[in-house]
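Asks: Starting off with a structure, shown below.
The values are calculated or read from the model by the stated rules, or taken from the named source; none is laboratory data. Just so we're clear, the structure is a prediction, and the values are computed from it rather than from any experiment. Note that we place each Cβ from the backbone using ideal geometry, even for glycine, and neighbour counts take in every protein chain shown. These area figures cover heavy atoms from the full protein model, side chains too; ligands, DNA and RNA do not enter into them. Shrake-Rupley method; radii C 1.70, N 1.55, O 1.52, S 1.80 Å.
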Amino acid sequence: MTKPSRKYINVSIVLLFVLLTQSCAAGLDTPTALPTAQDVEPISTEVRSAPSATSTVEIPTATKVVPTPTPSLPKVTITAVKGNLFIRRGPGMPFNSIAVLYKDVSAEVIAHDVLSNWVQIKFPNSDQTGWVSIQTQYSMIEGDLQDVPEQSPTEWPVPAYLRNCTYHQMYVEPSEVVIPSYYQYPNNEIRINPGSYSVYDIDVPDEPIVAEIEIREGSEIEIVKDGLGDNHKCP
């Protein structure tokens with residue numbers, strides 16, 4: 001078999017190259033034109049500014065609520081009814097009066113005496129204490145006295161005396177006691193409880209008043225003037 005000549009081989013290669021080049025050029029798409037600057041639609045972007053260093057953010061704090069305790073009611077109370085009640089420094093008439101529990105006013109009872117004839121009270125709106133008799137129509141107890149402790153006095157009253165130095169009998173109100181004249185010594189002197197008194201001469205017509213006196217513990221008071229205006233003196 002005869003070999004092809006080198007000349008023909010070169011021509012074939014050139015023709016093949018041309019065909020391949022034209023085929024590739026025909027298969028490529030036409031380039032797309034890039035949009036111009038005015039054809040690009042702007043996109044808006046939200047920019048949030050950071051808080052400045054000087055701004056202060058208030059954070060509410062929790063409020064502590066303290067419950068208000070409900071005051072406990074007294075177990076026993078005393079009320080002055082139909083009039084006022086004297087408050088004394090001890091459980092008995094021989095003690096000085098230190099205050100007054102006025103009509104329609106109530107007080108807390110904190111103790112009672114051995115016989116339950118007197119009660120120890122706390123003054124309204126005060127921490128001071130005193131004693132009130134419950135043997136009269138002027139006092140009203142609410143509650144059971146057995147719910148409060150029994151209290152004995154820690155001191156005794158200082159006696160007070162009233163002496164008649166005149167020759168007439170004297171009547172003392174409101175204690176409703178008669179003091180004999182000086183002629184009946186030593187019976188012309190009586191022990192009397194603290195309080196306010198009026199003294200009348202019952203040996204003179206119309207029984208005129210001869211003295212208005214105030215008795216306190218330890219008092220020693222003399223009646224020296226009778227209903228006729230005569231003055232006398234006790235030896």
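Asks: Restricting the first residue to segment 171-189 and requiring it to be farther than 17 Å from K225 by Cβ and β-branched (V, I, T), which pairs with a second residue that is open to solvent by 40 Å² or more (accessible area, probe 1.4 Å) and at pLDDT 95 or above meet a Cβ separation below 6 Å and a spacing of at least six or different chains?
Replies: The qualifying pairs are V178/Q169; V178/Y171.
Asks: Right, here's the next one. I'd like the full set of residues that are part of a strand (DSSP E or B) and aromatic (F, W, Y), limited to segment 95-124.
Replies: W118
Asks: What about D127, is it under 30 Å from A107 (Cβ atoms), assigned to a loop (DSSP other than H, G, I, E, B) and either open to solvent by 60 Å² or more (accessible area, probe 1.4 Å) or without any contact (Cβ under 8 Å) to a residue 12 or more places away in the chain (or both)?
Replies: The answer is yes for D127.
Asks: So, in segment 134-161, exactly how many residues are outside any loop (DSSP other than H, G, I, E, B), open to solvent by less than 70 Å² (accessible area, probe 1.4 Å) and touching a Lys or Arg at 6+ places or on another chain (Cβ under 8 Å)?
Replies: The qualifying residues number 0.
Asks: Right, here's the next one. Might you check whether a residue that is closer than 15 Å to M93 by Cβ, surrounded by 13 or more Cβ atoms within 10 Å (Cβ to Cβ) and more than 30 Å from the chain's Cα centre (by Cα) occurs anywhere in segment 221-232?
Replies: No, because not a single residue in segment 221-232 is closer than 15 Å to M93 by Cβ, surrounded by 13 or more Cβ atoms within 10 Å (Cβ to Cβ) and more than 30 Å from the chain's Cα centre (by Cα).
Asks: Which of the residues belonging to segment 177-197 are within 11 Å of C165 (Cα to Cα), open to solvent by less than 40 Å² (accessible area, probe 1.4 Å) and outside any strand (DSSP E or B)?
Replies: P180, S181, N188
Asks: If you don't mind, there's one more thing I want to ask. Tell me which residues, restricted to segment 80-124, are of a type in the set (S, T, N, Q) and open to solvent by 70 Å² or more (accessible area, probe 1.4 Å).
Replies: N84
Asks: Specify the residue that is nearest to the chain's Cα centre (by Cα); the eligible residues are those in segment 123-133 that are modelled with pLDDT of 95 or more and not polar (S, T, N, Q).
Replies: G130
Asks: Say we look at segment 198-235 and pick out the residues that are free of Cβ contacts under 8 Å to residues at least 24 places away in the same chain and assigned to a loop (DSSP other than H, G, I, E, B); which of these is nearest to F86 (Cα to Cα)?
Replies: P208
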